[in-house]
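Just so it is clear, none of the values below were taken in a lab; they were calculated from the coordinates. Remember, predicted model here, so these are calculated numbers, not experimental data. FYI the Cβ positions are ideal-geometry reconstructions off the backbone, even for glycines, and counts take in every protein chain you see.
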Amino acid sequence: MDVLQRLSNNNIIPTCAPFIQHNIGEENCLMVDLPVDVLCFVPLDLPTKDINQLICDTISRQIEAMGCNIRDNIDNGKVFLPEAFHFQPPESDYFLSIIYPKDIADDNLESSRKKLHEVFCLPSNRPLLKRNNKYIFGGEEIPGGYLLNPHTQINIQPLKDSKFYLVKGNYTYHHYMQDNFDDNKWGCAYRSLQTLCSWFRFQGYTERPVPTHKEIQQALVDIGDKDPKFIGSRKWIGSLEVSYCLDNLIGVTSKILSVSAGADLANKGRELAQHFSTQGTPVMIGGGVLAHTILGINFSEVTGDIRFLILDPHYTGGEYIREVLDKGWCGWKGPDFWDQTAMYNMCLPQIPSNAL
Amino acid sequence: MGRSIHADEAIQNYIEELIKSGQWNVGLILGQVTKQRDYVLRLSRTPDPVEDEVSEEEELPAELLEELVHKKKVKKKGPKKPKSLDDVNEGWVATHAKQVLRMLPGGLDVIGVFILSPPNISQNVATKLRQILYQVHSSLNQYQILNRDNDITDRITIHIDSLTRKITCRTYDVQDNRSTGHPAEWKYQAINDKWIQLNTSAFLDMKIAVPSNKKSSPLIKQIQIGLNPFFKSLTSSIGIINGAIREASEPLDTSSGKKSRGRDKGLVVPQSYNIEILTKQADNKVSAPILSKVSSLMVLRGQIVSRAFIQGKPTVGDAIHAVKVDLARSLLSRCELLCEDLAITEQDKAVELYNTPVRVFVIVPDSSVEICDYIFQDERTDEVIDRIKELLDVNLTEENLELDLERPAAEVDWISTASEHEIPTDMEVDTETTNSNSNFVTYIGLAASGIVAGLAMVYNFYIAGGDS
């Protein structure tokens with residue numbers, strides 16, 4: 001779509017024959033293409049004709065803000081391009097649009113973020129306004145083409161007297177054959193780990209991109225858990241290795257929860273509920289010969305009934321949400337989903353409490 | 001394959017007048033070239049050169065300049081006709097052409113040169129004609145800002161025999177230096193009531209930042225460079241005709257049915273169309289912010305009224321192009337006229353206001369076409385009449401002038417501009433504190449790919465530079 005300007009249209013230009021105002025004197029001049037990106041909230045009953053004015057006002061405000069941002073960050077003649085990011089603080093209805101200068105790393109913007117957290121009364125112990133925390137709008141393309149939060153498109157009737165305890169925040173679905181890498185039959189735990197890492201990246205706890213199989217294996221060699229010939233092999237890993245990698249690659253510690261038999265998982269409702277309530281991180285579970293990711297549970301304190309929201313890394317197809325949901329690659333499973341006699345270990349990543 | 005040239009019948013009377021004066025004459029052919037044929041509006045004789053005005057022409061080649069310097073030694077007061085045809089200075093005719101071009105609305109051009117003389121006046125009438133034609137064209141070429149690929153480059157020379165009234169007509173391809181020309185057919189027809197009028201207006205709001213290294217360029221050059229982005233966006237702009245977007249190759253006049261012939265001739269109403277020009281954002285995106293030093297900033301604001309005239313079987317594309325040419329030509333002409341009269345300040349820091357002249361249109365008698373001129377605030381309307389007489393050899397009265405199309409700038413206009421574009425004078429940019437209080441001068445162009453997300457803009461603004 002192109003926007004064209006009508007030459008004979010006028011709001012503010014004087015209607016006289018042209019005159020020239022000549023400002024003589026040396027000045028600095030900046031030429032910049034501003035990536036304007038505005039978000040407006042509009043009442044549902046607002047007539048369409050009024051939307052234009054609203055958008056124009058928002059754009060003007062953002063341009064002013066971008067101007068201030070450029071000016072505040074000039075360093076020795078180097079100018080940083082301002083970029084707009086939209087954030088929705090957790091469990092709130094409002095959005096914040098913040099301008100950050102491109103090419104200045106998040107780490108160097110900590111003091112600005114601290115101020116913003118104060119101004120908007122946001123908790124000061126977790127990152128909410130880092131670039132990766134930005135709100136992802138429906139239909140927006142994810143770099144890499146991964147599916148984002150596939151579970152949010154599932155509608156399900158809750159169990160009687162139950163509550164939902166779900167992962168909090170964005171993650172991407174990683175599974176077999178993705179990234180043109182054939183890990184069919186052996187990479188399920190790696191893929192689950194990738195999903196976990198993606199969660200930490202979206203919440204701003206790390207800027208590290210989702211690790212590849214090679215990087216995961218390298219990490220285990222680096223900490224001495226595996227021999228160098230592990231790299232490039234197709235060896236499985238378990239929840240313990242997953243917790244080592246989370247620690248080594250992104251500085252995240254984990255709790256390990258074990259059950260001696262799959263049937264026992266039905267009794268872990270309260271613990272998992274507490275995990276999702278306080279941490280909200282996805283859980284990697286390995287046992288028998290399979291690894292999965294638990295995205296949440298539907299648990300009734302009253303009846304003890306439980307269902308598990310499972311993200312299955314064994315899917316070998318493409319990024320097609322309908323197929324993933326219809327075939328149950330992301331879906332709710334009952335306690336009978338687990339191998340009732342096998343031993344299971346779960347890796348429950350813990351949110352770091354350091355940073356903004 | 002000779003071209004066919006239709007010249008208005010009134011030109012015959014003009015030729016008679018020139019012959020009556022008993023002298024030979026050189027002059028310009030004004031009209032329009034189209035694919036099918038050329039239309040000649042009128043002929044205008046070049047006034048006799050005034051000695052010291054000729055040497056003002058900067059573009060003259062070295063040998064011509066010497067010739068003129070030599071001529072200056074033979075000093076006589078007032079305009080002086082060269083002794084013989086061979087002495088005619090092509091540069092002088094080219095200067096005449098440049099000044100005449102400013103008076104022509106879009107669609108009309110200087111499309112040739114003529115010589116009216118007895119046949120034995122010189123051995124080389126044809127050669128002389130050709131020389132003058134090429135010189136005129138090369139002078140005017142720098143003003144062809146909006147060239148199209150399929151522009152017709154044939155121009156006309158005619159020799160009018162003052163004894164027999166015979167007209168020898170030849171066209172040359174002025175893009176080709178070696179063209180020997182082709183004979184062409186000169187026919188008299190009543191064409192001057194068949195011009196179609198095209199109207200538009202444009203509001204302009206431009207910032208011209210003059211880089212520091214261009215500080216010593218003449219003001220007009222600075223302005224010309226600054227106007228280039230506008231001309232570029234004009235080239236790629238589209239036009240809406242009477243409110244409708246139409247295919248460029250469609251004929252402009254789609255009225256069906258037989259054209260009125262013979263009987264209804266007196267009732268032909270000249271057609272006119274309103275055209276709106278829509279410009280796209282110019283393609284001068286920068287990938288990263290660029291900080292540079294400028295020696296001055298010019299803000300150009302105001303409205304220009306544009307007209308173009310077109311004849312024959314023009315397409316929609318032809319009509320829109322004619323209007324664009326007029327916009328560009330008018331804007332440039334005003335700035336040139338302004339700079340010709342201007343005394344530039346020598347101060348280091350100043351804010352100056354210049355008013356470009358106001359445009360007036362006037363109908364050429366017995367026709368549906370108009371010509372125009374520009375009038376400064378301190379000029380009188382009879383000066384316009386005199387100028388038109390001198391340059392175009394057209395007799396008009398002040399009643400014919402359409403004076404109210406544009407209005408001159410008033411204080412209220414300057415003030416509204418000044419408050420928006422305030423340049424802070426002595427400011428310190430302190431990169432550590434966050435409360436400087438400079439203002440911003442902003443210029444916004446839009447290209448959108450969606451309503452809410454992803455608008456890219458061009459953003460020019462000022463930061464006062466202290467000595468940091």
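Annotations
- Contact order for region A:152-216, expressed relative to its length and based on alpha carbon pairs under 8 Å spaced 6+ residues apart, stands at 28 percent.
- For region A:37-94, GluC sites (Glu not before Pro) are listed when DSSP marks them as loop and at most 10 other Cβ atoms sit within 10 Å of their Cβ; the list is A:91.
- Average Cα contact separation per residue, region A:145-349, under 8 Å, 6 or more apart, as relative contact order %: 30 percent
- Here is the list for region A:1-80: chymotrypsin sites (Phe, Trp or Tyr not before Pro) lying in DSSP coil, each with at most 10 other C-beta atoms within 10 angstrom of its C-beta, are A:41.
- Unsatisfied cross-links (Cα-Cα over 30 Å) in the set A:114/A:168; B:221/B:285; A:130/B:280; B:81/B:166; A:102/A:229; B:128/B:214: A:130/B:280; A:102/A:229; B:128/B:214
- Karplus 3J(HN,Hα) series, Hz, for region B:385-392 with 6.51 cos²θ - 1.76 cosθ + 1.60 (x for Gly, Pro): 4, 5, 4, 5, 4, 5, 8, 10
- Using alpha carbons only: equivalent-ellipsoid semi-axes of region A:7-133, gyration tensor based, whole Å: 33, 25, 10
- Net dipole in debye of region A:7-133 [+1 Lys, Arg Cβ; -1 Asp, Glu Cβ; about Cα centre; nearest 20]: 120 debye
- Taken over region A:145-349, the convex hull of the Cα atoms encloses 110 Å³ per residue.
- For region B:306-394, applying the loop criterion from DSSP together with a ceiling of 15 other beta carbons within 10 Å to the chymotrypsin sites (Phe, Trp or Tyr not before Pro) yields B:376.
- Against chain A, whose longest principal axis comes from its Cα atoms, helix A:239-250 is set at around 20 degrees.
- Sum of -39500 (n - 2.57) over DSSP H runs of 4+, divided by residues of chain A (222 nm, nearest 500): -8000 deg cm²/dmol
- Taking only the C-alpha atoms of the protein assembly as shown, Rg followed by Dmax gives 38.6, 124 Å.
- For the protein assembly as shown, the dipole from Cβ point charges (+1 on Lys and Arg, -1 on Asp and Glu) about the Cα centre works out to 2040 debye, to the nearest 20.
- Relative to the longest principal axis of the Cα atoms of chain A, the long axis of helix A:48-72 lies at roughly 90 degrees.
- Of all segments of chain A bounded by trypsin sites (Lys or Arg not before Pro) found in a DSSP loop with no more than 14 other C-beta atoms within 10 Å, the longest spans A:1-101.
- Relative frequency of Cα-Cα separations exceeding 19 Å in region B:145-259, percent: 73 percent
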